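Colleague: The structure's right below; bear with me while I get my questions together.
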Amino acid sequence: MSRRQSWFEGWRLLAVLSVSLVVLSVWIASMRQFEVEGVRMVIRFTARSSLLLFCLAFGAAALARLWPNAWTRWQRRNRRYLGLSFAASHAIHAVAIVIFAQMDPTGFAEATSAASYIFGSIGYAFIIAMSATSFDRTAALIGPRAWRALHLTGGYYLWFQFMVSFGKRVPAMPLYAAFLVPLLAVIALRLIAMAALPRGRTAEAS
């Protein structure tokens, strides 16, 4: 492995991705002089960056099992840090939503509903819990069975939430169907990988 490749590993990878997301979000907001439309652009950007990072983390184990190569081994090895980068992206997303609500309460009320509050809050609760247990010490505290149940349930819930969030926009904006492709691909990969496992073995959580 080259020095450059090894640099984009572990905590360094997380730092690079997190800082890049912050810088890009500030730049995007500045394009509209940090006004409401700029904040809404950040919300859309981080929704899409979160989708990408989620799919990379959620499909890592399945890809590495089905097509072992340098890229999928790197992806599997850094699955934890891709997942934490997803959490960082969605944290920026949450901050942008709060700012939008403060800057334009009327527009925020029109863009949200009681259901979005409820299901969004559940999603964030899973993200916080999964992030908090993405460390060896905290994972050991809850035990492997509880860890697997949390990450498996949380992963599929977040997958479903992404499907709903992007899918409901397709009738009005057909191009949004493109965002469903990686979600459908990652679930198909996981199902194929599980089917390929020998009897008696269970697939990994995420």
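Colleague: Any idea which of Val95, Val26, Val42 is of a type in the set (Val, Ile, Thr), surrounded by fewer than 20 Cβ atoms within 10 Å (Cβ to Cβ) and under 22 Å from Trp159 (Cα atoms)?
Modeller: On the way: Val26 fails: under 22 Å from Trp159 (Cα atoms); Val42 fails: surrounded by fewer than 20 Cβ atoms within 10 Å (Cβ to Cβ).
Selected residue: Val95, the only one of Val95, Val26, Val42 that is of a type in the set (Val, Ile, Thr), surrounded by fewer than 20 Cβ atoms within 10 Å (Cβ to Cβ) and under 22 Å from Trp159 (Cα atoms).
Colleague: Looking at Ser85, Ser134, which one is touching a residue at least 40 places away in the same chain (Cβ under 8 Å), outside any helix (DSSP H, G or I) and in contact with a helix residue (DSSP H, G or I) (Cβ under 8 Å, 6 or more places away or on another chain)? Don't jump to the end; show me each part of the working.
Modeller: Details: Ser85 fails: outside any helix (DSSP H, G or I).
Sole residue among the options that is touching a residue at least 40 places away in the same chain (Cβ under 8 Å), outside any helix (DSSP H, G or I) and in contact with a helix residue (DSSP H, G or I) (Cβ under 8 Å, 6 or more places away or on another chain): Ser134.
Residue by residue, here is whether (1) farther than 30 Å from Ala195 by Cβ; (2) modelled with pLDDT of 95 or more holds:
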| position | (1), (2) |
| --- | --- |
| Ala47 | yes, yes |
| Leu52 | no, yes |
| Phe58 | no, yes |
| Trp67 | no, no |
| Leu84 | no, yes |
| Ala114 | yes, no |
| Thr133 | no, yes |
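Colleague: Still on this structure, please answer the following. Which of the residues spanning the stretch 137-154 are in contact with a helix residue (DSSP H, G or I) (Cβ under 9 Å, 6 or more places away or on another chain), in contact (Cβ under 8 Å) with a residue 12 or more places away in the chain and open to solvent by 50 Å² or more (accessible area, probe 1.4 Å)?
Modeller: Trp147, Thr153
Colleague: Right, something else. Condition test on Tyr156, is it in a helix (DSSP H, G or I) and modelled with pLDDT of 95 or more?
Modeller: Numbers: in a helix (DSSP H, G or I): yes; modelled with pLDDT of 95 or more: yes.
So Tyr156 passes the test.
Colleague: Still on this model: Answer yes or no as to whether Arg73 is among the basic types (Lys, Arg), closer than 30 Å to Ala188 by Cβ and out of contact with any Phe, Trp or Tyr (no Cβ under 7 Å at 6 or more places or on another chain).
Modeller: Yes: the conditions hold for Arg73.
Colleague: Checking Arg190 against (1) open to solvent by less than 40 Å² (accessible area, probe 1.4 Å); (2) farther than 18 Å from Leu51 by Cβ; (3) charged (D, E, K, R), which single condition isn't satisfied?
Modeller: Going through (1) open to solvent by less than 40 Å² (accessible area, probe 1.4 Å); (2) farther than 18 Å from Leu51 by Cβ; (3) charged (D, E, K, R) one by one, Arg190 breaks only (2).
Colleague: Moving to a separate point now. Looking only at residues in the stretch 159-176 that are open to solvent by 90 Å² or more (accessible area, probe 1.4 Å) and in a helix (DSSP H, G or I), which one is nearest to Ala125 (Cα to Cα)?
Modeller: Phe160
The values are calculated or read from the model by the stated rules, or taken from the named source; none is laboratory data. Since the model is a prediction, treat every value here as computed from it, not as a measurement. No Cβ is skipped: glycine too gets one built from the backbone with ideal geometry, and neighbour counts run over all protein chains shown. Side chains are part of the model used for accessible areas, which takes the heavy atoms of the whole protein and leaves out ligands, DNA and RNA. Shrake-Rupley method; radii C 1.70, N 1.55, O 1.52, S 1.80 Å.
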